[in-house]
Amino acid sequence: MSIPFQRLLIARLSALGDVICALPSLDALRASFPKARIGFLVEDRAHELIANHPAIDRVHLYPRKRWQKSLLRPGEWPSASREIRAFVSAMREERYDVVLDLQGNLKGAVLSCLSGARLRVGFSGKNSREGSHLFAHRRIPPLPKPTHLVDKFLAAAAYLGADPSKARFRLPDSPASRSRIEDFLRSKGLGSYAVIHPSTSHFGRRKRWPPERFSRVAEKLGSEFNLPAVVIWGPGEEALASRVAADAGATAVISVRTGLLDLAELLRRARIFIGADSGPLHLATAVGTPSAALFGPMDPRVYAPWHHPRSRVLYKPGVGGVGSIDAITVEDVLKACRELLERPVPS
């Protein structure tokens, strides 16, 4: 299957990890259609990974949280209305031939309609939610379940005619981020280190591993491998990160506040990442960092590090076959860390 186009809009608004998982399909499309004009529709949280991306010509930022707040404040309705009209006009002025809806829910479908694209391509009802398939002119053939999220997005790119073999993770280059992370590491006297992310989004709180176990892992990495841990945090997570670092003792430090490209640089230089299924795990995968990935209720066949030989997935199905994050022990994680840290780095 191949759909001719000159101007393509990709819609993947959120969540952070899902936007990261869309990057290989983006690069496959760019490599396969080097002369096409490609736009990307994304929310604020992942905007930094898309802005200035070498494969994208135009970014359309959808400030969902800000507009949601404006709906509750009548005084802001006029300005919000003007912003929304300008947002829609900016998409329409690009005159996209095709919009590829990788979001797969009602929000993505409505915004795809508002884009004014001549042809809307989306997933089948089996692979989408909230009736979004009803908005698509053409639907990608149903994919088996489970299908890894990256492979799902690559199937969508292939439906347009892209070559999946050209897929790769690529991030915007940021010399400023490299400089900030170098300054941070220098200030802490860090050369070789691990990165630990003890939190998840509020929506994904069932995926969280007990913080005291993260502290124990950090402590053991210090005593066994002389490997200090940098505990990272995002919005609303600083208190938890501080607690984990403090309980681990001198072997752990809390990171500075980082943007996404700063975090990518911090992860790129780390010897190992330890954390649950969340955006930072997928970012670690994107930059090639070995990962001990802790999975609870989410299926690792869909969300595990994609084609990453230097990763270990920890998953223990509980009642009804659903994964139990609490069933993963400190020793389970340390065993995975030992395997990764003792394994020679490929040349």
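Each value in this text was obtained by applying a stated rule to the coordinates, not by laboratory testing. Quantities reported herein were computed from a predicted structural model and do not represent experimental measurements. For neighbour counting, all protein chains shown are included, and Cβ atoms are generated from backbone atoms with ideal geometry for every residue, glycine included.
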Next on the checklist: So if I take the alpha carbon set of the range 7-166, get Rg, then get Rh from the Kirkwood formula, what is the Rg over Rh ratio?
Outcome noted: 0.97
Item to check | Spatially near lysine pairs across the range 14-165, Cα under 20 Å, sequence gap of 8 or more or different chains | outcome: 6
Checklist entry - Rounded to the nearest 0.05, what FRET efficiency is calculated for E331 and S223 with R0 set to 22 Å and r the Cβ-Cβ distance? => result 0.95
Checklist entry - Using alpha carbons only, how many degrees (0 to 90, rounded to 10) separate the axis of helix 211-225 from the longest principal axis of the chain? => result 60
Checklist entry - Cα axis of helix 16-32 to longest principal axis of the chain: angle in degrees, 0 to 90, nearest 10? => result 60
Next on the checklist: Full-extension gain between A51 and S324, please, as 0.36 nm times their residue separation minus the C-alpha to C-alpha distance.
Outcome noted: 94.6 nm
Checklist outcome for this item: Answer in debye to the nearest 20: the dipole magnitude of the range 7-166 about its Cα centre, from +1 Lys/Arg and -1 Asp/Glu charges placed on Cβ, is 340
Checklist entry - How much length is gained on full extension from D183 to L143, taking 0.36 nm per residue of separation minus their Cα-Cα distance? => result 9.8 nm
Checklist entry - Kirkwood Rh, Cα Rg: Rg to Rh for the range 26-117? => result 1.00
Checklist entry - For the chain, with the dipole built from +1 on Lys and Arg beta-carbon atoms and -1 on Asp and Glu ones, taken about the Cα centre, which of S132, N226, Q68 lies farthest toward the positive end? => result S132
Next on the checklist: Give me the dipole magnitude in Debye, nearest 20, for the range 192-342 about the Cα centre, with unit charges on the beta carbon: positive for Lys and Arg, negative for Asp and Glu.
Outcome noted: 200
Next on the checklist: Suppose we keep just the DSSP beta bridges with both residues in the range 176-342; what percent of those would be antiparallel, to 5?
Outcome noted: 5
Next on the checklist: Quick check on my link table: of K188/K220; K207/K335; K188/K316, which ones sit more than 27 Å apart, alpha carbon to alpha carbon?
Outcome noted: K188/K316
Next on the checklist: Apply the a/c threshold of 1.5 to the C-alpha gyration tensor of the chain and tell me whether it is rounded, prolate or oblate.
Outcome noted: prolate
Checklist outcome for this item: Per the C-alpha gyration tensor (a ≥ b ≥ c, the square roots of its eigenvalues), the range 211-347 is rounded if a/c is under 1.5, else prolate if a/b beats b/c, else oblate; here it's rounded
Next on the checklist: If the only charges are +1 at each Lys and Arg Cβ and -1 at each Asp and Glu Cβ, what is the size of the charge dipole of the chain around the Cα centre, to the nearest 20 debye?
Outcome noted: 780
Item to check | Within the range 243-327, percent of DSSP bridges classed antiparallel, to nearest 5 | outcome: 10
Checklist entry - Over the chain, what is the relative contact order in whole percent, taking alpha-carbon pairs under 8 Å and six or more residues apart? => result 16
Checklist outcome for this item: Helix 175-188 sits off the longest principal axis of the Cα atoms of the chain, rounded to the nearest 10 on a 0 to 90 degree scale, by 20
Checklist entry - Given the options C21, C337, C113, which has the most mean-square fluctuation in a GNM of the chain, springs set between C-alpha atoms less than 10 angstrom apart? => result C113
Item to check | Beta bridge orientation in the chain: antiparallel %, DSSP, nearest 5 | outcome: 0
Checklist entry - Let a ≥ b ≥ c be the square roots of the eigenvalues of the Cα gyration tensor of the range 85-218; is it rounded (a/c under 1.5), or, if not, prolate (a/b larger than b/c) or oblate? => result prolate
Checklist entry - How high is the FRET efficiency between K316 and R206 when r is their beta carbon distance and R₀ equals 22 Å, given to the nearest 0.05? => result 0.95
Checklist entry - Which far-off residues, 5 or more places away or on another chain, put their amide H under 5 Å from the one on T200, with H placed in the peptide plane? => result none
Checklist entry - In whole percent, what relative contact order does the range 225-315 give with Cα contacts below 8 Å and a gap of six or more residues? => result 19
Checklist entry - Based on the Kirkwood radius over alpha-carbon pairs, what value in µm²/s does the Stokes-Einstein equation return for the translational diffusion coefficient of the range 193-275 at 25 °C and 0.890 mPa s? => result 195
